[in-house]
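Here is the structure we will look at.
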Amino acid sequence: MQTITVEQLKTKMQSGETFQLLDVREPVEHKEFNIGGKLLPLGQIMNMHVDDIEDWKDKEVICYCRSGNRSGQACQYLDMLGFKNTKNLSGGMIAWQNAK
């Protein structure tokens, strides 16, 4: 697992780079505010319910949550499941919303 900053992610998005964006928060959090990531809560990942993203194993997967804690755990678990290029969004949605 690597980390990525909000600024780096915004640059990737603006330049049209190809990557997978994974929101590991709960549905209510996703509904309140999201940046377009696929919703797959951490609990589902921990229970190995990753069939929906199985084809992402060889792609860059950027995980995010509220603060970066749950997404860090998700990255570590996905790495154990054979995902090759996971990145944790440092500071999560808190950092995203605080960025200028």
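FYI, it's all coordinate maths here, none of it is from the lab. Predicted model only: the values in this text are computed from it and were never measured. Every residue, glycine as well, gets a Cβ built from its backbone with ideal geometry; the counts of neighbours run over all protein chains shown.
Can you give me the C-alpha center-to-center distance between the stretch 7-57 and the stretch 58-96, rounded to a whole angstrom?
Answer, in whole Å: 8.
Tell me whether the stretch 8-65 comes out rounded, prolate or oblate; compute the Cα gyration tensor, take square roots of the eigenvalues as a ≥ b ≥ c, and use a/c under 1.5 as the rounded threshold.
Details: a/c = 2.73, a/b = 1.24, b/c = 2.19.
Note, shape of the stretch 8-65 comes out oblate.
For Thr18, project a label point 7 Å along Cα to C-beta. Then give me every residue of the stretch 48-82 with its amide nitrogen under 18 Å of that point.
53-62
Exactly which chymotrypsin sites (Phe, Trp or Tyr not before Pro) in the chain are in a DSSP loop and have at most 12 other Cβ atoms within 10 Å?
Details: sites: Phe19, Phe33, Trp56, Tyr64, Tyr77, Phe83, Trp96; in loops: Phe19, Phe33, Phe83.
Those satisfying the criteria are Phe33.
Would you mind ranking Thr18, Thr11, Thr86 so that the residue whose beta carbon has the fewest other beta carbons within 10 Å leads the list? Walk me through the numbers on the way to the answer.
Working: Thr18 7, Thr11 12, Thr86 24.
Result, fewest neighbours first: Thr18, Thr11, Thr86.
Roughly what would the spin-label model give for Thr5 and Leu39, points 7 Å off Cα along C-beta, in nm?
Rounded to a tenth, the inter-label distance reads 3.1 nm.
When the convex hull of the Cα atoms of the stretch 2-98 is projected onto a plane and the area is averaged over all directions, what value comes out in nm²?
Working: hull surface 22.0 nm².
Over all viewing directions, the stretch 2-98 projects a mean Cα-hull area of 5.5 nm².
On a full-extension model of 0.36 nm per residue, what is the gain between Asp58 and Glu32, subtracting their alpha-carbon distance, rounded to one decimal in nm?
Difference between extended and current length: 6.3 nm.
For the chain, modelled as a Gaussian network with Cα springs under 10 Å, which listed residue fluctuates most, Lys31, Lys57, Lys87?
It is Lys31.
GNM, the chain, Cα, under 10 Å: largest mean-square fluctuation among Val28, Val61, Val50?
Highest fluctuation of the listed residues: Val28.
GluC sites (Glu not before Pro) within the stretch 3-43: which are DSSP loop residues with at most 12 other Cβ atoms inside 10 Å? All intermediate terms of the calculation are to be shown ahead of the outcome.
Working: sites: Glu7, Glu17, Glu29, Glu32; in loops: Glu17.
Answer in residue order: Glu17.
How large is the helix-only mean residue ellipticity at 222 nm for the chain, computed as the sum of -39500 (n - 2.57) over DSSP H runs with n ≥ 4, divided by its residue count, in deg cm²/dmol to the nearest 500? Before the final figure, lay out each step's value.
Numbers: 5 runs with 40 residues, N = 100.
So the calculated ellipticity at 222 nm is -10500 deg cm²/dmol.
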